[in-house]
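Trainee: First the structure, then my questions, so here it is.
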Protein chains: 2
Amino acid sequence: MIPDFEVTILGNTSSIPVHGRNPTAQVVRYHKDYFLIDCGEGTQIQLQRFKVKSSRIENIFISHLHGDHYLGLVGLLSSYNLNGRTKPLTIFGPKGLDEIITTQFRWSNTRLGYPLEFIQTNPHHSEVILEKQGVKVISFPMKHRLPTTGFKVLEKERKRRLIKEKLEEANPPIEAIKAFREGKDYSSDSGKTYLVDDFAYPEPKLRSYAFCSDTIYDEGLVPYLQDMSLLYHESTFMDDQQERAKITYHSTAREAAKIAKMANVGELLLGHFSSRYNDLSEMLVEAKSEFEKSILSEQGQTYSIS
Amino acid sequence: MIPDFEVTILGNTSSIPVHGRNPTAQVVRYHKDYFLIDCGEGTQIQLQRFKVKSSRIENIFISHLHGDHYLGLVGLLSSYNLNGRTKPLTIFGPKGLDEIITTQFRWSNTRLGYPLEFIQTNPHHSEVILEKQGVKVISFPMKHRLPTTGFKVLEKERKRRLIKEKLEEANPPIEAIKAFREGKDYSSDSGKTYLVDDFAYPEPKLRSYAFCSDTIYDEGLVPYLQDMSLLYHESTFMDDQQERAKITYHSTAREAAKIAKMANVGELLLGHFSSRYNDLSEMLVEAKSEFEKSILSEQGQTYSIS
């Protein structure tokens, strides 16, 4: 069985929540692991609305300290507490986020009933910040008005899928089957060799997801994003606001698409749309003119990472 | 013309947002003055959703520092800034709220484009905290797990409404009409006296609104609430959780109704409902058995204060 790997968009507006778009938050699910990336105001309500199993979230990743990327965090942590959570939670985020959380819990006299760990992200270098079975998370630096990191969720390994008919035909020993799953050939004590490629489907391409929001157009990101299956890249503005994008350290849809093309990603998911745009169809045209496999993210939608 | 005086409920859940109920926030409008009382997570979205002219808000009142009463504040302040607000804003709230706001704006490197004043409320004594034309706001202490105040919005004075037919009949001088509006008799230079009660409808009863959330059942509140036109009182639990209400410093619907009855208020608006109750009809029955003029607040509804 191939583990599910997908991302659900909880919010994709830039700053001001309008046009039915909430601030940035998304849940990346790899099999049974749920990763919350950014947590704008109202995230706990969005999690309920879109029926995400939010109690499964054990790791939260915050890109930077503009309010539209973290203001829902204290409410979510408080609701976990009121719901009797005991399972540990780890927050990865920039310096200062711990002070923001502890200041509020100090004044509200809150004692959490579950262990909360804070791990400070590094805004200067890429780092592996989490390793789970089958998957790992890497942070990498981005250029914005505040210290900001992007996040990559990478499939580490995947068992080879076996060809049932071939196994039935040759009936290799049980140890051989285990070796095939790991992608290895097998030699029996009697000297007979079984080649994995005869009994297993071709090596699967490892899947990967990257989150880049917020960032100015930055070709320095390309090495971090090379060959990603799915790239979520901020797309605050259209061509008409290219200068404004530069001044505010944001990107246009076209710029996001250029990065996607240079990095040779599978698909590009656009988000973090400025409140000035209600209809986004022209924005999509601008992105597609650079990179055909561009998609406008929609709140409440789940996108498969494949 | 009698100035409009009304309250719009933006949220009325206790702590966890469920059953389509958002955390506490409400807008009291007196003519052109908009007062925001409490500002739970998502308040800026609720203001838009219910088409409240949020740019008109110049005064925000925060009862206490449990997250469900203030977590929407930094998002609202940020959005005002992004929308180019220049009009001053005053926040009245407990000690600590200023630190919570400034900590976040320091980390997000936010410079507001409008003057923001913070006025600390007094959790020990009742105080007049704001005087506007025709209306004033008073804070008063409540008993909860944190320092908490309630708020009263009181009509100060209202021009007497004139009886058109009587004026046309007697045709008094223009100065007399001005005096009648102020509720005064008028004597002309020639010694003729005009009695206000002959030309104006009877003295209007001044209208008033009180907000009590969160609070334990506390008969000490009664003097503050005497004869209020409309009382919003928290009603977290039903009779089945009376003990829990006491332990958590909250009230049951019945207790809210008892306070309303003792204070001889006009109407009682119930809110801050626990997430354990979806259907609230039995809660209303319990309240009405003590005080007939009890109403369950509904999110998005506007209640006239009369």
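The values are calculated or read from the model by the stated rules, or taken from the named source; none is laboratory data. Quick caveat: nothing in here was measured; it's all calculated off a predicted structure. Quick reminder, even Gly has a Cβ in these numbers, built from the backbone with ideal geometry, and neighbours come from all protein chains shown. The accessibility values were calculated without ligands, DNA or RNA, using every heavy atom of the protein model including side chains. Shrake-Rupley method; radii C 1.70, N 1.55, O 1.52, S 1.80 Å.
Trainee: Could you give, in nm with one decimal, how far residue B:106 is from each other copy of that position, shortest first, with labels 7 Å out from Cα toward Cβ?
Mentor: Computed spacing set for this position: 1.0 nm.
Trainee: Same structure, new question: Roughly how much of residue B:16 is accessible, in Å² to the nearest 10, using a 1.4 Å probe?
Mentor: 20
Trainee: Working with all protein chains in place, sort A:181, B:207 by solvent-accessible area computed with a 1.4 Å probe, largest first. Can you show the working numbers first?
Mentor: Numbers: A:181 110, B:207 25 Å².
Most to least solvent-accessible, the answer reads A:181, B:207.
Trainee: May I pose another question? Which of the peptides B:261-270, B:69-78 is most tightly packed, and how do the rest follow, judged by the mean count of other Cβ atoms within 10 Å per residue?
Mentor: Working: B:261-270: 20.6, B:69-78: 26.7.
Packing order, densest peptide first, comes out as B:69-78, B:261-270.
Trainee: Ok, one more. Enter the mean number of other protein chain beta carbons within 10 Å of the beta carbon of each residue in B:41-53, as an integer.
Mentor: Per residue, the number of nearby Cβ atoms from other chains is 4 on average.
Trainee: Further, regarding this structure: Determine the percent antiparallel among the DSSP beta bridges restricted to chain B, to the nearest 5.
Mentor: Working: 35 of 62 bridges.
Of the beta bridges lying entirely in chain B, close to 55 percent run antiparallel.
Trainee: Further question: Just name one of A:210, A:150, B:186: the one whose Cα is farthest towards the positive end of the charge dipole of the protein assembly as shown (beta-carbon charges, Lys/Arg +1, Asp/Glu -1).
Mentor: Sorting the options by dipole projection puts first A:150.
Trainee: The protein assembly as shown: percent of C-alpha pairs farther apart than 39 Å?
Mentor: On the way: 79039 of 186966 pairs.
That fraction is 42 percent.
Trainee: Also, quick follow-up: Mind checking which of B:5, B:284, B:174 is farthest towards the positive end of chain B's charge dipole, using Cβ charges of +1 (Lys, Arg) and -1 (Asp, Glu) about the Cα centre?
Mentor: Working it through, the farthest residue towards the positive pole turns out to be B:174.
Trainee: Right, another one. Using a label position 7 Å from Cα in the Cα→Cβ direction, what is the ascending list of nm distances from residue B:119 to the same site in the other copies?
Mentor: The answer, with the shortest distance listed first, is 4.8 nm.
Trainee: In whole angstrom, how far apart do the alpha carbon centroids of the range A:71-110 and the range A:1-55 sit?
Mentor: Each part reduced to its Cα centre gives a spacing of 18 Å.
Trainee: Heads up, I need the accessible area for residue A:152: 1.4 angstrom probe, whole protein in place, Å², nearest 10.
Mentor: 20
Trainee: A further question on this structure: Restricting to bridges with both residues inside the protein assembly as shown, how much of the DSSP beta-bridge set is antiparallel, in percent to the nearest 5? The partial results should precede the final answer.
Mentor: Numbers: 70 of 124 bridges.
The answer is about 55 percent antiparallel.
Trainee: Continuing with the same structure: Go through B:258/B:293; B:159/B:293; B:205/B:258 and tell me which ones have a Cα-Cα distance over 20 Å in this structure.
Mentor: Numbers: B:258/B:293 12 Å; B:159/B:293 29 Å; B:205/B:258 24 Å.
Over 20 Å Cα-Cα: B:159/B:293; B:205/B:258.
Trainee: Could you order A:47, B:112 so the one with the most accessible surface comes first? Probe is 1.4 Å. If you can, show how the numbers build up before the last one.
Mentor: Numbers: A:47 5, B:112 45 Å².
Largest accessible area first, the list is B:112, A:47.
Trainee: Additional query: Determine the dipole magnitude for chain B: charges of +1 sit on the beta-carbon of Lys and Arg, -1 on that of Asp and Glu, nothing else is charged, the reference point is the Cα centre, and the result goes in debye to the nearest 20.
Mentor: 860
Trainee: At 0.36 nm per residue, minus the direct Cα-Cα distance, what do residue B:170 and residue B:98 gain on full extension? Give it in nm, one decimal, please. Could you put the intermediate results ahead of the total?
Mentor: Working: separation 72, 0.36 × 72 = 25.92 nm, distance 5.84 nm.
Value of the extension gain: 20.1 nm.
Trainee: In whole Å, what are the Cα extents of the range A:1-83 along the three principal axes, biggest one first?
Mentor: 41, 28, 24
Trainee: Please compute the modelled spin-label separation between residue B:87 and residue B:190, points set 7 Å along Cα→Cβ, answer in nm with one decimal.
Mentor: Modelled inter-label distance: 4.7 nm.
Trainee: Further, regarding this structure: Mind listing the long-range amide H neighbours of residue A:280? Cut-off is under 5 Å, sequence gap 5 or more, other chains count too, H placed in the peptide plane at 1.01 Å from N.
Mentor: Here nothing satisfies the definition.
Trainee: Residues with amide H under 5 Å of residue B:135's amide H, sequence separation 5 or more or different chain, H placed in the peptide plane at 1.01 Å from N; which?
Mentor: B:156
Trainee: Just for the range A:1-147, what percent of DSSP beta bridges are antiparallel, to the closest 5?
Mentor: Details: 17 of 30 bridges.
Here the share of antiparallel DSSP bridges comes out near 55 percent.
Trainee: What average number of partner chain Cβ atoms lie no more than 10 Å from the Cβ of the residues making up B:76-86? Working shown, then result.
Mentor: Numbers: counts 3, 1, 7, 9, 1, 1, 6, 3, 0, 0, 0.
Mean partner-chain Cβ count within 10 Å for B:76-86: 3.
Trainee: When only the heavy atoms of the protein chains count and the probe is 1.4 Å, how do B:19, B:125, A:124 rank by accessible area, highest first? Provide the component values of the computation, followed by the final result.
Mentor: Values: B:19 80, B:125 115, A:124 135 Å².
From most accessible down to least: A:124, B:125, B:19.
Trainee: Right, here's the next one. Ignoring ligands and nucleic acids, what accessible area does residue B:194 show with a 1.4 Å probe (Å², nearest 10)?
Mentor: About 30 Å², ignoring ligands and nucleic acids.
Trainee: Using label points projected 7 Å from each Cα along Cα→Cβ, tell me how many nm separate residue B:218 and residue A:1, to one decimal.
Mentor: About 5.4 nm, to one decimal.
Trainee: Ok, one more. Rounded to the nearest 100 Å², what is the sum over both chains of accessible area buried where A meets B, with a probe of 1.4 Å? Walk me through the numbers on the way to the answer.
Mentor: Numbers: alone 14880 and 14830 Å², together 26960 Å².
Approximately 2700 Å², summed over both chains.
Trainee: Between the alpha-carbon centers of the range A:177-221 and the range B:282-306, tell me the distance in whole angstrom.
Mentor: So the separation of the two Cα centres works out to 63 Å.
Trainee: How crowded by other chains is B:269-279, given as the mean number of beta carbons from other chains within 10 Å of each beta carbon? Spell out each step's value before the answer.
Mentor: Working: counts 0, 0, 0, 0, 0, 0, 3, 0, 0, 0, 0.
Mean shielding count: 0.
Trainee: Could you list the square roots of 5 times each eigenvalue of the Cα gyration tensor of the range B:44-171, that is, the equivalent ellipsoid semi-axes, sorted largest first and rounded to whole Å?
Mentor: Values: eigenvalues 239, 90, 33 Å².
Semi-axes, largest first: 35, 21, 13 Å.
Trainee: Given the Cα-Cα distance of residue B:163 and residue B:261 and 0.36 nm per residue of separation, how much length would full extension add, in nm?
Mentor: On the way: separation 98, 0.36 × 98 = 35.28 nm, distance 3.55 nm.
Gain on stretching residue B:163 to residue B:261: 31.7 nm.
Trainee: Then there's this: Name the shape class, rounded, prolate or oblate, that the alpha-carbon gyration tensor gives for chain B, where a ≥ b ≥ c are the square roots of its eigenvalues, rounded holds for a/c under 1.5, and otherwise prolate holds if a/b is larger than b/c and oblate otherwise. Display every interim value, and only then the final one.
Mentor: Numbers: a/c = 2.26, a/b = 1.44, b/c = 1.56.
Cα axes put chain B in the oblate bin.
Trainee: Show which lysines lie in cross-link reach of residue B:95 when reach means a straight Cα distance below 21 angstrom and same-chain residues fewer than eight apart are skipped.
Mentor: B:143, B:152
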